[in-house]
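Written below as structure tokens is the structure these notes are about.
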Ligand code: NAP
């Protein structure tokens, strides 16, 4: 149940209809039957498609009075459009509205969002930890959030009532909510999501640069290379957005990553088989613990 001072959530808006926004529309239809879903996106064709696919009930390319009837707004455009879309939506939001987002970085977003918020409109940062390497409304899929962790990064400015109303709403989705502070979120996702984009891209770049002299590298590439480099085929705009906006954390971890590579290299150079084996065994055990074999 929502807090008595906040309106109950009957109609939500999703701004930015792509992989995340469209898939969220599908999910909300399933987990909140009867909810009205209003979409805003940049292109009219995207709105038409999203309605046709059944992700939203109706939508528009402009921000207007129709937003007033939405008690909850999800901002799901590219990261660098999150704050601009918040600014466009704010003049049309009613008191008591909760605004959240999906951006893969949280520190810079909440830092910019918090001072923009009027007392009676509440921003709480979100990051659903689900995705694919595809983009745009055509990439929206049902079930994208099944078993996913949904990170929430409330700041001191967030109203406890709004946080509890948002958590209550999200608890109907098949996600696990994880509340943490924005900086801890950004360092953690830098390690498990953002640094891998840089590493996978560097690995592909190495093969690309050798392609002329050693075409067999590409020809021999099989499932190991595909699995290791999957995230290098993600949306390049999102990759650049992430690496620039979360660069402090990623650069800090890149240094640690180089040290880890150096440790392996030194063991190889010195031919220290036992030490290398021990290290690879410890790493395997840790990874197997993250992804237990079914
Ligand atoms: P996406 O597939 O490219 O979707 C974004 C959509 O936003 C586009 O389809 C575009 O639709 C629309 N858009 C672009 N500029 C806009 C603007 N100024 N105003 C309104 N709509 C605009 O990207 P995504 O993967 O869904 O990512 C969206 C957000 O989710 C990002 O913040 C990202 O960090 C976060 N996220 C992504 C993943 C992932 O794996 N992809 C995972 C978790 C979180 P039009 O056709 O109308 O231009």
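Quick notes
- Cα gyration tensor shape for the range 224-264, rounded if a/c is under 1.5, else prolate or oblate: oblate
- Cβ-derived FRET efficiency at R0 30 Å, residue 202 paired with residue 32, nearest 0.05: 0.10
- Extending 7 Å from Cα along the Cβ direction at residue 244 and again at residue 270 yields two label points whose distance is 4.3 nm.
- Between the range 47-112 and the range 195-254, the Cα center-to-center distance that results, in Å: 31 Å
- Residue-averaged 222 nm ellipticity for the chain, from DSSP H runs of 4+ at -39500 (n - 2.57), nearest 500: -14500 deg cm²/dmol
- Extension reserve of the residue 146-residue 209 stretch, reckoned as 0.36 nm per residue once the Cα distance is removed: 18.8 nm
- Oblate is the label for the range 1-95. Its Cα gyration tensor axes, ordered a ≥ b ≥ c, give a/c of at least 1.5 and b/c at or above a/b.
- Once the C-beta distance of residue 278 and residue 227 is scaled by a Förster radius of 25 Å, the resulting FRET efficiency is 0.55 to the nearest 0.05.
- Debye intensity ratio I(q)/I(0), log10, the chain, q values 0.10 Å⁻¹ (C-alpha model): -0.61
- For the range 43-200, share of DSSP beta bridges that run antiparallel, in % to the nearest 5: 25 percent
- Hydrodynamic estimate: the Kirkwood radius of the range 215-294 over Cα pairs, inserted into Stokes-Einstein at 10 °C and 1.306 mPa s, corresponds to D of 101 µm²/s.
- Simple label model, 7 Å out from Cα along Cβ direction - residue 10 to residue 87, nm: 3.3 nm
- Per residue, the convex hull around the alpha carbon atoms of the range 1-160 comes to 109 Å³.
Just so you know, all these numbers are worked out from the coordinates, no wet-lab data involved. Given the structure is predicted, the values throughout are model-derived calculations rather than measurements. Quick reminder, even Gly has a Cβ in these numbers, built from the backbone with ideal geometry, and neighbours come from all protein chains shown.
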